[in-house]
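Accompanying notes for the structure given below.
The values are calculated or read from the model by the stated rules, or taken from the named source; none is laboratory data. These figures come from a predicted structure and were not determined experimentally. Reconstructed Cβ throughout: ideal geometry from the backbone, glycine too, with neighbour counts over all protein chains shown. Surface areas here come from the heavy atoms of the whole protein model, side chains and all, with no ligands, DNA or RNA. Shrake-Rupley method; radii C 1.70, N 1.55, O 1.52, S 1.80 Å.
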Amino acid sequence: THWEIMQYLKSLGFKINPSIALRHSLDEAEKYHQSWVESREKFPYEADGIVAKVNSIALQQELGTVAHEPRWAIAYKFPAIQGTTRLIDIGINVGRTGSLNPYAILEPVRVGGVVISSAALHNEEDIRRKDIRIGDWVVVQRAGEVIPEIVEPIVSRRTGKEKIFSMPGRCPVCGSEVIKPEGEAMHRCTNAACPSQALERIKHFVSRGAMDIDGVGEKLCQALFEAGLIKDAADLYYLTKEQLLGLERMADKSVSNVLNSIEKSKDRALARVIFALGILHVGDQYAELLAEQFHSIDDLAKASEEYLSTIPSIGPRIAESIVAFFRQEGNKQIIKKLKKAGVRLEREKVEEAKPEELPLAGLEFVLTGKLETFSRS
């Protein structure tokens, strides 16, 4: 049985949670869950639920698994711990695609052992739906025991001094016009050269799923940007050793590592470069698709909306976004600088068979269950 395995591991000196328990009915299991709900604050670690498991190993094997989830084990989450506090103000962050992201500035409150002073608000529609107003007393919780969120306002505590929030008509960072595209929930800054967008785009460019430039994280991006050493992602490829040594906490070895990582990234696959550019609505999957359809960035830049819309999975909205991206003068300059720096902007030159001659041509596959030797990505 599972219980016997746990006891045997304990006898060998492995650390086993002393709170594990063997229960003989669903009713007993529910009572055990309730005891945790009532006493979880007393434990020296955080927990978001218990897992109930079938004890018999033979039954576990008979029940099997669905994808990577066993049928013989079920997580029973605890209710989210909530607190109440005042919403002092609503701030705005500008993302890399120009989206204006509102967030709540709260009077600090301790919830589930963590002090919360801000919370995500998603968008203006979400704020209106919940009827959250500046100055409200609000109920807050940590969604999934992690992300702080506002559950609802406490309407009974309103004094009449609370203010209804509206999105600004001008970008809080650069002052450019703000629009809300039809069919979208987000408001967006129209200025592609907005400093906030530029920094977020650089952070995205160096991230693991994009150009994966090791050693160039958020803090270094910010330091380089604030020092005026880079204005866009392409400027990374023109940094010198002397410039990096002039930054705080940058010694000779770390500078060499950063420059080596930047140099190494010049040979990334075309799909990664397309994703790294941060084209609105083009995630890593669409970047892969576009890299299969176009031989180079230049070919993609020349594509019309009509042609892009004929590619399976590329709809009018994505086609419009791609064309708009390559129409922007600032984006053209970034690509020009990447090309000059020696970043590979073409597919690898390999001997390609004609599509109809390939062994899997015309077939479709659906992959389910656990992949033994690959991660899902």
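Could you please give the count of residues in the stretch 81-104 that are open to solvent by 60 Å² or more (accessible area, probe 1.4 Å), part of a strand (DSSP E or B) and not aromatic (Phe, Trp, Tyr)? Number satisfying all stated conditions: 6.
Of the residues that make up the stretch 132-148, is at least one of a type outside the set (Gly, Ala, Ser), over 25 Å from the mean Cα position of the chain (by Cα), under 30 Å from Phe325 (Cβ atoms) and at pLDDT 90 or above? No: zero hits. Among the residues of the stretch 23-46, those identified as aliphatic (A, V, I, L, M) and surrounded by 12 or more Cβ atoms within 10 Å (Cβ to Cβ) are Ala29, Val37. Residue count for the stretch 281-293 satisfying the condition of being open to solvent by less than 30 Å² (accessible area, probe 1.4 Å) and either without any contact (Cβ under 8 Å) to a residue 12 or more places away in the chain or not in a helix (DSSP H, G or I) (or both): 2. Might you check whether a residue that is at pLDDT 95 or above and of a type in the set (Gly, Ala, Ser) occurs anywhere in the stretch 163-176? There is no residue in the stretch 163-176 that is at pLDDT 95 or above and of a type in the set (Gly, Ala, Ser). Residues that are in a helix (DSSP H, G or I) and open to solvent by 20 Å² or more (accessible area, probe 1.4 Å) within the stretch 294-306 comprise Asp298, Asp299, Ala301, Lys302, Glu305, Glu306, listed in sequence order.
Within the stretch 66-100, the set of residues being under 21 Å from Glu124 (Cα atoms) and of a type outside the set (S, T, N, Q) comprises Arg86, Leu87, Ile88, Asp89, Ile90, Gly91, Ile92, Val94, Gly95, Arg96, Gly98, Leu100. Selection within the stretch 47-80: residues that are among the charged types (D, E, K, R) and over 26 Å from the mean Cα position of the chain (by Cα). The member of this set that is surrounded by the most Cβ atoms within 10 Å (Cβ to Cβ) is Lys53.
Counting just the residues of the stretch 49-77 that are among the aliphatic types (A, V, I, L, M) and in a helix (DSSP H, G or I), which one comes out farthest from Ile20 (Cα to Cα)? For the stretch 49-77, the residue satisfying everything is Leu63. Determine the pairs where a residue that is surrounded by 10 or more Cβ atoms within 10 Å (Cβ to Cβ), located within the stretch 346-359, has a partner that is at pLDDT 70 or above and not in a loop (DSSP other than H, G, I, E, B) with Cβ atoms under 8 Å apart, the partner being 6 or more residues away or on another chain. Qualifying pairs under 8 Å: Glu346/Leu270; Glu346/Ser296; Glu346/Ile297; Arg347/Leu270; Arg347/Ala291; Arg347/Ser296. Quickly run through the stretch 230-253 and pick out the residues that are free of Cβ contacts under 8 Å to residues at least 60 places away in the same chain and under 20 Å from Phe205 (Cα atoms). Selection gives Ile230, Lys231, Leu236, Leu239, Thr240, Leu244.
When Lys332, Lys339 are checked against the criterion of being of a type outside the set (A, V, I, L, M, F, W, C) and either under 17 Å from Leu280 (Cα atoms) or not in a helix (DSSP H, G or I) (or both), a single residue qualifies: Lys332. Annotation note: Cβ proximity below 7 Å between a residue of the stretch 203-229 that is more than 17 Å from Thr97 (Cα to Cα) and a residue that is part of a loop (DSSP other than H, G, I, E, B) and open to solvent by 40 Å² or more (accessible area, probe 1.4 Å) (sequence gap 6+ or interchain) occurs for Met211/Arg268.
Only one entry of Ala47, Ala120 meets the criterion of being touching a residue at least 24 places away in the same chain (Cβ under 8 Å) and within 30 Å of Glu177 (Cβ to Cβ), and that entry is Ala120.
Screening Ser321, Ser309 for residues that are in contact with a His (Cβ under 7 Å, 6 or more places away or on another chain), over 21 Å from Gly342 (Cβ atoms) and surrounded by 14 or more Cβ atoms within 10 Å (Cβ to Cβ) leaves exactly one candidate, Ser321.
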